[in-house]
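Reading through the structure tokens given below for one structure.
None of the figures in this text is laboratory data; all of them are computed from the coordinates on show. This one's a predicted model, so the numbers in the text were calculated from it and none came from an experiment. Cβ sites come from the backbone with ideal geometry, for glycine too, and all protein chains shown count toward neighbours.
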Amino acid sequence: MAVPLVDGFGRQVQDLRISVTDRCNFRCTYCMPKEGLHWLPRPDILSFEEIVRVARVFVERFGITSVRLTGGEPTVRAHLPALVEQLAALGVELSMTTNGASLAGLAGPLRRAGLHRVTVSCDSLRPGRFAEITGRDMLGQVLAGIDAAVASGLQPVKLNSVVVRGVNDDEVVDLARFGRERGVEVRFIEFMPLDASGQWSAGKVVASAEVVARINEAYPLEPLTHGPEPAERFRYLDGAGTVGVVASVTRPFCASCDRVRLTAEGALRSCLFAVREADLRAILRGGGSDDDLAQAIADEVWHKWAGHSIGKVGFVRPPRSMSQIGG
Ligand code: SAM
Ligand code: SF4
């Protein structure tokens, strides 16, 4: 029988985020250095079999209900639908976060393999600016990917936009309008100090409160009840859908955080900003049993921090970038 996976502060973990690769075909300035990162050698990355085994232990032993595939860019991992098929068989709510560039071809196969929902990251609707942010002139492919995701029946399709002061903060209303027109919920994310190149500064963070105020001026909003999910959600008063903000920096949601992350090489991280991790790959490849995995998972979760301390004196940047942790 499954037992709840609870940390030292009484929070229950429900959501497992799996980085299926550390590789990425984009170079988003807020995530990765321009020159890219050193990719992990192939043998260091968990196989599909290993990923599924860890996920199965989370589901069978701890009753985890939600699994999200991320990266790096998950769609650059070969044969992704085959992994989705095996994870879907575990009976969890299965979702993916992607840059969307390959979705035009992959949305249908992923949907048929059992993927339920998808979040596409897109920070600008202006081709030149999009290329500057991502290092790739691929806005057209991403927009086609969003359309393909909607058409394939993935439900819901959401959009993530990281807002950076002086980079794309003048596009908040345009992005919100895009979401209204396409029937997708846009979630505006505050810039976090996980960019690897050390460009982050408090001055580049656009507070979610400012984002909401700007959208509200153009399209009046009313708040929806704020549940355990990190996004604070709002409804357009004219009935044209919903929009969300993720105030990770200005209003951290650590007190209700229910997620853990598995990196591409099998390290379990209980917080985005964790400086310690559990090496599940060593157990997987060292002949460890499911009991050994469950014990290591429970130990790591027990040490989950009360919360991060961005902006405070004791804050330590984790040695990994967002692309190496998975968003
Ligand atoms: N490559 C996929 C993508 O871009 O959606 C999945 C991995 S990416 C690391 C996951 C999410 O993290 C994306 O929505 C991205 O915008 C967000 N992200 C990356 N760096 C960030 C940062 N420094 N602050 C806030 N969000 C960030
Ligand atoms: Fe790649 Fe996603 Fe990071 Fe952009 S945000 S560099 S697409 S991992």
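Taken about its Cα centre, segment 55-171 carries a charge dipole of about 360 debye when Lys and Arg each add +1 at the Cβ and Asp and Glu each add -1 at the Cβ. Assuming 0.890 mPa s and 25 °C, estimate D for segment 1-124 with Stokes-Einstein, Rh taken as the Kirkwood radius over Cα pairs, in µm²/s. In µm²/s, the coefficient is 158. Between the Cα long axis of helix 290-302 and the first principal axis of the chain there is an angle of about 50°, rounded to the nearest 10.
Full extension of the segment from Ala2 to Gln295, taken as 0.36 nm per residue of separation minus the current Cα-Cα distance, would add 104.1 nm.
Calculated on C-alpha atoms, the gyration radius of segment 174-240 divided by its Kirkwood radius gives an Rg/Rh of 1.02. Once the other residues with Cβ under 12 Å from the Cβ of Lys204 are scored (Lys, Arg +1; Asp, Glu -1), what is the net sum? Charge balance in the 12 Å sphere: -2. Close amide H contacts of Arg68 (hydrogens built in the peptide plane, cut-off under 5 Å, sequence separation of 5 or more or a different chain): Leu16, Arg17, Ile18, Ser95. Working note: Karplus 6.51/-1.76/1.60 with θ = phi - 60° gives segment 131-142 the couplings 5, 5, 5, 9, x, 9, 8, 10, 4, x, 5, 5 Hz, where Gly and Pro are set to x. For Val186, the amide hydrogen comes within under 5 Å of the amide hydrogens of Leu159, Gly244, counting only partners 5 or more places away or on other chains and with H modelled in the peptide plane. Helix 103-113 axis versus longest C-alpha principal axis of the chain: approximately 40°, rounded to the nearest ten. Annotation: peptides 134-147, 64-77, ranked by per-residue average of other Cβ atoms within 10 Å with the highest first, follow the order 64-77, 134-147. In the chain, what cysteines have no partner Cβ closer than 4.7 Å? So far as the 4.7 Å Cβ criterion goes, Cys24, Cys122, Cys254, Cys257, Cys271 stand without a partner in the chain.
Here the ratio of the Cα radius of gyration of segment 225-268 to 2.2 N^0.38 Å is 1.56. 3J(HN,Hα) along segment 79-92: 6, 3, x, 5, 5, 4, 4, 5, 6, 4, 5, 7, x, 9 Hz, from the Karplus curve 6.51 cos²θ - 1.76 cosθ + 1.60 with θ = phi - 60°, whole Hz, x for Gly and Pro.
For segment 20-110, a simple Cβ point-charge model (Lys and Arg +1, Asp and Glu -1, everything else neutral) yields a dipole of about 120 debye relative to the Cα centre. Shape analysis of segment 111-254 places it in the rounded category; the axes a ≥ b ≥ c from the Cα gyration tensor give an a/c below 1.5. Here the translational diffusion coefficient of segment 1-65 follows from Stokes-Einstein with Rh set to the Kirkwood radius across Cα pairs; for 20 °C and 1.002 mPa s it amounts to 148 µm²/s.
Restricting attention to segment 1-139, close to 5% of DSSP beta bridges with both partner residues there are antiparallel.
Packing, as the average of other Cβ atoms within 10 Å across residues, places the peptides 151-162, 231-242, 24-35, 259-270 in the order 259-270, 151-162, 24-35, 231-242, highest first.
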